[in-house]
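Notes follow the structure.
The values are calculated or read from the model by the stated rules, or taken from the named source; none is laboratory data. None of these values were measured; they are calculated from a predicted model. Don't worry about glycine lacking a Cβ; one is built from the backbone with ideal geometry, like all the others, and counts go over all protein chains shown.
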Amino acid sequence: MRTTFAMLIAGMSLSTTAAELAPRTALDDYIDKVDESHTWQTAATSEVEGTRIVVVDMVSQHWLTGDEVDRTEWRHWLRLSIPPAVTTDVAFLYITGGRNGGDPPVEADQGMVAIANATGSVVAELGMVPNQPLVFDGDGEPRAEDDLIAYNWSRSLTGDGPPRLVLDAMTKSAVRAMDTVSAVAATEAGGERRIERFVVAGGSKRGWTTWLTGAVDPRVVAIVPIVFDALNTQASMRHHFAAYGFFSPSVGDYVRHHILPRLGEPAVRKLMSSVDPYSYRHRITMPKLILNATGDQFFLPDSSRFYWDGLRGESYLRYVPNSDHGMGGTDALDTVAAFHWLVVNGKRPPRFSWTHGADGSLHVMALDQPQGVLLWQATNLEARDFRVAILGPAFTSTPVEAGARGIHTARVPAPERGWSAWFLELTYDVGAPKPLKLTTQVVVTPDVLPFEDKPLDLPTSITIVCSGADPAAARAIGGAVVGAPKEQLGTESIAAEALGDRLYVNWAPDGDIRLSAAAVGKFLEAEGCTNGRYQLESGEGMTLPPGR
């Protein structure tokens, strides 16, 4: 549950706070704009062990004009799971991605069916958010996911008139999905049921959409944004760069389209704030369960420091240990189901709060005592970096017993070298088929940003980090890449440095950074340098591990 920290956050120079927006925004105008193109029709029905599956072909809107984009109509598959006994007017809307085209999804999603049966509620899975791929401005390049969003932002910054952002359209697709779910549920195929309220969830960009849907539609009674740990986005991304000294390749589309290197510019600040859920926090007062991953390749595990204390209303948090952005192989869906079960049954989630002591300890005060409490911790000896792709599943757990007055206390001192990340996880039996796991925020110690003073607005260069068979092999490969024909690598100048068996290769790309990275990466792999990974640098030169 949300708490007020009794400590000052280090690095306040980074935490530019997103201001709350005006009472009415461009997002509101777009959501409310009449669009007669919204239609739906039933595409298929089936039954899985008593649960009725209804697949709906839905058009949510038309976005932009035919001169601006190759396909203006947004079409979605909307798949409803209707259990035999529906006991509530609260439905669960799960926003997903996928590409347009193809046949209807006839197979039931077992996770959604399980949530429907466990909660006695209608569960709807909305696909193709955003609609993709799309080709803009007749340039012939199909764009999807972050490439689509970042390109749209870039064009909005250079175009005339107000921006028309794809996130507005993504949000409207969720709003129209709620309209459609209510309409389908009222039909004979839908069981002639009344659906009036929604719990909305989604992951990544769909988690972003989840926040914004909660900001614009009063039918949303709770939200579950998943792996979008970037509220107060500008401060969060500055923190990302100050910790790593580079941008992760996962946010590469926002580097390639010149968004992140321009964070300080007023136009970029204004655009990002217009779709930053933190700007709408005064509206998003419904119960919210925020699910994040400790090893996310996009966001740092302590990113909640930039928004948690500013949230309004009931807020609950879970960081899933040893998970990356995909949440694969975890029990995250069990947490989602348990939270939805609580909302459907009108029950309040467990109450607890936490504070930090002057000695760096973490104290959890639980009004509702948990079944168990675990301390999760991981250490990186070289860098302030806890991505699963870099560190592996390094988080380990130990039980924490309650002390005086039922308070659970833990403290992880700063390591002699490197950084440690840690948090407390509480497990509750709330009466749902699955337990509910909640956590504190993640603490990183020492709370030092090794690249806090490094500028992020210089021209982009690329570093590849890979491993030779041994130090001598790494040095030999470094010599080979430096001496390779420039036309083979597509760059005029390249530098290499070996640290043990690890090789760092840096260059300024000529043209598309994706093609340049692929060319150099292919050369290094052919030379025997394996386990390659990328760093998107600001300016010339490679970023080396600060704790080496």
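Looking at (1) among the polar types (S, T, N, Q); (2) within 24 Å of the chain's Cα centre (by Cα); (3) assigned to a loop (DSSP other than H, G, I, E, B), which is the one condition that is false for residue 369?
Just one mismatch for residue 369, condition (2).
Being surrounded by fewer than 18 Cβ atoms within 10 Å (Cβ to Cβ), at pLDDT 95 or above and touching a Phe, Trp or Tyr at 6+ places or on another chain (Cβ under 9 Å) is the requirement here; does residue 32 meet it? It would help to see each step written out before you state the result.
Numbers: surrounded by fewer than 18 Cβ atoms within 10 Å (Cβ to Cβ): yes; at pLDDT 95 or above: yes; touching a Phe, Trp or Tyr at 6+ places or on another chain (Cβ under 9 Å): no.
Taking the combined requirement at face value, the residue does not satisfy it.
How many residues are buried (at least 20 other Cβ atoms within 10 Å of the Cβ) and either assigned to a loop (DSSP other than H, G, I, E, B) or under 27 Å from the mean Cα position of the chain (by Cα) (or both) if we restrict to segment 503-512?
Going through segment 503-512 one residue at a time, the tally reaches 1.
Among the residues of segment 344-366, which ones are part of a strand (DSSP E or B) and modelled with pLDDT of 95 or more?
352, 353, 354, 355, 362, 363, 364, 365, 366 - these are the residues of segment 344-366 that are part of a strand (DSSP E or B) and modelled with pLDDT of 95 or more.
Listed here are the residues, each with its yes/no results for (1) out of contact with any Cys (no Cβ under 8 Å at 6 or more places or on another chain); (2) among the hydroxyl-bearing types (Ser, Thr, Tyr); (3) crowded, with 21+ Cβ neighbours inside 10 Å; (4) more than 16 Å from residue 456 (Cβ to Cβ).
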{"position": "229", "(1), (2), (3), (4)": "yes, no, yes, yes"}
{"position": "234", "(1), (2), (3), (4)": "yes, no, yes, no"}
{"position": "241", "(1), (2), (3), (4)": "yes, no, yes, no"}
{"position": "247", "(1), (2), (3), (4)": "yes, no, yes, no"}
{"position": "252", "(1), (2), (3), (4)": "yes, no, yes, no"}
{"position": "282", "(1), (2), (3), (4)": "yes, no, no, yes"}
{"position": "303", "(1), (2), (3), (4)": "yes, yes, yes, yes"}
{"position": "308", "(1), (2), (3), (4)": "yes, no, no, yes"}
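Where residues in segment 42-56 are in contact with a Pro (Cβ under 7 Å, 6 or more places away or on another chain) and in a strand (DSSP E or B), which of them is nearest to residue 77 (Cα to Cα)?
Result: 55.
Among 176, 155, which is the only one that is farther than 21 Å from residue 263 by Cα, in contact (Cβ under 8 Å) with a residue 12 or more places away in the chain and not β-branched (Val, Ile, Thr)? It would help to see each step written out before you state the result.
Numbers: 155 fails: farther than 21 Å from residue 263 by Cα.
Answer to the selection: 176.
Taking interchain pairs and intrachain pairs at least six residues apart, which have beta carbon atoms under 6 angstrom, with the first residue in segment 533-548 and in contact (Cβ under 8 Å) with a residue 40 or more places away in the chain and the second buried (at least 16 other Cβ atoms within 10 Å of the Cβ) and of a type in the set (Phe, Trp, Tyr)?
Filtered contacts from segment 533-548: 535/246; 536/246; 536/247; 537/246; 542/504; 543/246.
Of 323, 303, 279, 248, which residue is polar (S, T, N, Q) and farther than 22 Å from residue 418 by Cβ?
279
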